[in-house]
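The structure under discussion appears below in the form of structure tokens.
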Amino acid sequence: MRPGVRRRLPLLAAAFLALFLGIWAGWQRMGWGLPVIRPFLPALHGPLMVSGFLGTLIALERAVALRNRWSYLAPISGGLGTGLLLIGLIPSGQWFLLGASVGLTAVSIIIIRRHPATHTLVMATGAISWLTGNGLWVAGWPVHQVVGWWLAFPILTIAGERLELGRVLRLNNLSKRLFTAVLILYISGLVLTIFQAETGNRVTGLAILALALWLAHYDLARRTIRHQGVTRFIAFNLLLGYFWLGAGSLLGIRYGSLVAGLVYDAWLHMIFVGFVIGMIFAHAPVILPALTSIPVRFHTRLYGATLLLQLSLVLRVLGDLAGWVSVRRWGGMGNGLAIFLFFGLMIISMRAGKTAVSKPNFHTSSENNTSTRLTS
């Protein structure tokens, strides 16, 4: 293993520790009688999932892409912030996670200067959204008032990546203008939430719905779903993710300001689990090899994790909206198990790929030979 790859492993470990404990905290919040790792852990469910896991992972991916040593300060800060949260030094952890978002924003600005384009601007806007959310969190704002900014981080990052890949389709001027209008509406809604939460949330909900429709119509996945192997797997998860993004936005439009409760849980997890985790499922077979230099031999068993994620999310949302607490709890349990199953299967696929790559007749797919970002 190359020294550069070896240095990334502790950061990957920190991100996945945040994922594991974030899921554990989520299960505890739903009422499962699990062993108490830290008494304050359930309150950290959201920060661990967004900043500890996603933030550290995306910052690491950007650092690898930029090939600049100082750019690793962002994922390092994210990993340290996660560790400080877990040992109970909450304020210090918050500041380190804020530093991680500052670092990712700086990296994103450099990427814009090197590659000035709409998609790099959109991804930078996602980093700024994470920075804003973390800043409000450090300032003492409650999570329900911060979560819209945190959600904008992966949503805009993913949208920027898909827009970049859309260049293959040579999007016309109308589609580009529509995307720009949606982006402006989204940012306007986010800013409005600071002053008028209910109206701002409805505006952002409308923008997210428009973005979901745009992605579903213009994304390359509509074509690649007809392909085979990992390419179809990516497209399948992408299209499912766009469905959940749009469906979740409808709840935001309908209810406006959501503070807590079952509808809040449904809205938040339709977007975060259905869309964001779905995007991670889609591209982990490409991104993990890029970060670890270990090839993946794709296997259709990965669809099993996708199926479990989808069915359990349907159960969770039905339980939320109908008030069926036990159904909701089992749905939430299934969400976490699907994520663990997926990464367990990925480890098996990477071990198979590492073994097979030494054989003279082994060939990786064209997708596995393509350098892409976390949410491509």
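The values are calculated or read from the model by the stated rules, or taken from the named source; none is laboratory data. It should be emphasised that the depicted structure is a prediction, and the values quoted were computed from it without experimental measurement. All Cβ positions, glycine included, derive from the backbone under ideal geometry; neighbour counts span all protein chains shown.
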Q) Of (1) within 25 Å of residue 266 (Cβ to Cβ); (2) at pLDDT below 90, residue 199 satisfies all except one. Which? A) (2)
Q) So which residues in the stretch 204-220 are in contact with a Gly (Cβ under 9 Å, 6 or more places away or on another chain), over 30 Å from residue 194 (Cα atoms) and either in a helix (DSSP H, G or I) or of a type in the set (Phe, Trp, Tyr) (or both), if there are any at all? A) 218
(Q) For the stretch 130-144: of the residues being modelled with pLDDT under 95 and under 19 Å from the mean Cα position of the chain (by Cα), which is farthest from residue 249 (Cα to Cα)? (A) 143
Q.
Need pairs with beta-carbon distance below 9 Å; first residue within 8 Å of residue 131 (Cα to Cα) and within the stretch 92-103, second among the aromatic types (Phe, Trp, Tyr) and part of a helix (DSSP H, G or I); sequence gap 6+ or separate chains.
A. 98/137; 101/130; 101/153
Q: Output yes when any residue across the stretch 163-185 is surrounded by 20 or more Cβ atoms within 10 Å (Cβ to Cβ), under 19 Å from residue 131 (Cβ atoms) and among the hydrophobic types (A, V, I, L, M, F, W, C), and no when none is.
A: yes
Q.
Could you list, ordered by first residue, the pairs with Cβ atoms under 7 Å in which the first is in the stretch 251-269 and under 15 Å from residue 190 (Cα atoms) and the second is surrounded by fewer than 21 Cβ atoms within 10 Å (Cβ to Cβ) and among the aromatic types (Phe, Trp, Tyr), at least 6 apart or interchain?
A. 258/264
Q | Single unsatisfied condition, residue 78 versus (1) assigned to a helix (DSSP H, G or I); (2) over 20 Å from the mean Cα position of the chain (by Cα) | A | (2)
Q) Only one of these conditions is not met by residue 39: (1) over 17 Å from residue 98 (Cβ atoms); (2) in contact (Cβ under 8 Å) with a residue 60 or more places away in the chain. Which number is it? A) (2)
Q: Test each condition in (1) under 17 Å from residue 162 (Cβ atoms); (2) β-branched (Val, Ile, Thr); (3) surrounded by fewer than 18 Cβ atoms within 10 Å (Cβ to Cβ) for residue 234 and report the one that comes out false.
A: (3)
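Residues 158, 184: which one is without any contact (Cβ under 8 Å) to a residue 12 or more places away in the chain and either among the hydrophobic types (A, V, I, L, M, F, W, C) or not in a helix (DSSP H, G or I) (or both)?
Working: 158 fails: without any contact (Cβ under 8 Å) to a residue 12 or more places away in the chain.
On inspection, the qualifying residue turns out to be 184.
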Q.
If a residue must be farther than 27 Å from residue 235 by Cα, part of a helix (DSSP H, G or I) and aliphatic (A, V, I, L, M), how many such residues does the stretch 118-155 contain?
A. 7
